[in-house]
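Everything on this sheet refers to the single structure shown next.
The values are calculated or read from the model by the stated rules, or taken from the named source; none is laboratory data. Please read these numbers as outputs of a predicted model, since none were measured by experiment. Cβ placement follows ideal geometry from the backbone for every residue including glycine, while neighbour counts extend to all protein chains displayed. We work out accessible area using only protein heavy atoms, side chains counted, and drop any ligands, DNA or RNA first. Shrake-Rupley method; radii C 1.70, N 1.55, O 1.52, S 1.80 Å.
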Amino acid sequence: MAMSSASCSAITHYLPPPPPPPPSFNLNRSPLIRTASFSSLLHNSEAGPTTSATRGGALSTWRPRAPLFKLLSSGNQTAAVVSPATGSIVAPTAEVVRKFYGGINGRDLSSVVDLISDDCVYEDLIFPRPFVGRKEILDFFENFMDFVEKDLQFVIDKLSTEDSSAVGVTWHLEWKGKPFPFSRGCSYYELEVINGKRQIIYGRDSVEPAIKPGKAALVIIRGVTWLLQQFPQLADRL
């Protein structure tokens, strides 16, 4: 239904006027606040607490402190970083793992000592228990180097590079450049920066089995699960 012009005028009379537009405000030119520009904050990475003058007195502000590590390359999450405390370059995760395999291939045990943390845990799933601590791990690889000819080499197939704290590797063994039978494997490594060095704190190796049961493995798994269902107390012995 159409409304008369008098009714519209009455309604318009009671409506509140529209709010005025907000005034323009420039932090750099305002007499109320004088503060450092954003670019100066970025360039002063060592800055701490500062003060800015205001009409009511001193206003406490805060500038960001220097980061714990500075990236040398922002295009890769595993890029080398520099520790401001020591000034030393911390190697990327992928580079540490490649050096680890290079040391094993070169039978150079001394080159991998600093790549392994003091309390590292290393699991090779063909052994009944993990190797714990740098010394125990180095003893294992020393035995490996004594028993295995240098002509048998690890060859990295693929290596993940997107994570700064963990690396996945697929590899195989070669004898004088030719693939060695039943030697394909995959490994997983976790790394941390300790005392300015990126070190391996955990590793696990899973190697291709020489005996491959195929579908029989499913039958075995089914039989074991049936036993656990019939005798739940057996689960406590797993």
* Structure fact -> (1) open to solvent by 90 Å² or more (accessible area, probe 1.4 Å); (2) farther than 22 Å from ARG129 by Cβ; (3) part of a strand (DSSP E or B); (4) not acidic (Asp, Glu) all hold for ARG198 apart from (1)
* **Number of the exception - TYR188 against (1) open to solvent by 80 Å² or more (accessible area, probe 1.4 Å); (2) aromatic (Phe, Trp, Tyr); (3) part of a helix (DSSP H, G or I)** => (3)
* To do: Would you mention how many residues in the stretch 139-164 are exposed (fewer than 14 other Cβ atoms within 10 Å of the Cβ) and assigned to a loop (DSSP other than H, G, I, E, B)?
  => 5
* Quick one: count up the residues across the stretch 174-218 that are without any contact (Cβ under 8 Å) to a residue 12 or more places away in the chain and within 12 Å of SER117 (Cα to Cα). => 1
* To do: Tell me which residues, restricted to the stretch 165-185, are open to solvent by less than 60 Å² (accessible area, probe 1.4 Å) and in a strand (DSSP E or B).
  => ALA166, VAL167, GLY168, VAL169, THR170, TRP171, HIS172, LEU173, GLU174, GLY185
* **Hits in the stretch 211-235 - residues which are under 35 Å from the mean Cα position of the chain (by Cα) and loosely packed, with under 10 Cβ neighbours inside 10 Å** => LYS212
* What number goes with the only condition from (1) in a helix (DSSP H, G or I); (2) open to solvent by 50 Å² or more (accessible area, probe 1.4 Å); (3) under 25 Å from PRO181 (Cα atoms); (4) modelled with pLDDT of 95 or more that GLY103 does not pass? -> (2)
* Structure fact -> Scanning the stretch 113-135 residue by residue, those modelled with pLDDT under 95 and either open to solvent by less than 80 Å² (accessible area, probe 1.4 Å) or polar (S, T, N, Q) (or both) turn out to be none
* Asked: Taking the stated definitions as given, is VAL207 under 31 Å from the mean Cα position of the chain (by Cα), within 22 Å of ASP108 (Cα to Cα) and of a type in the set (Val, Ile, Thr)?
  -> no
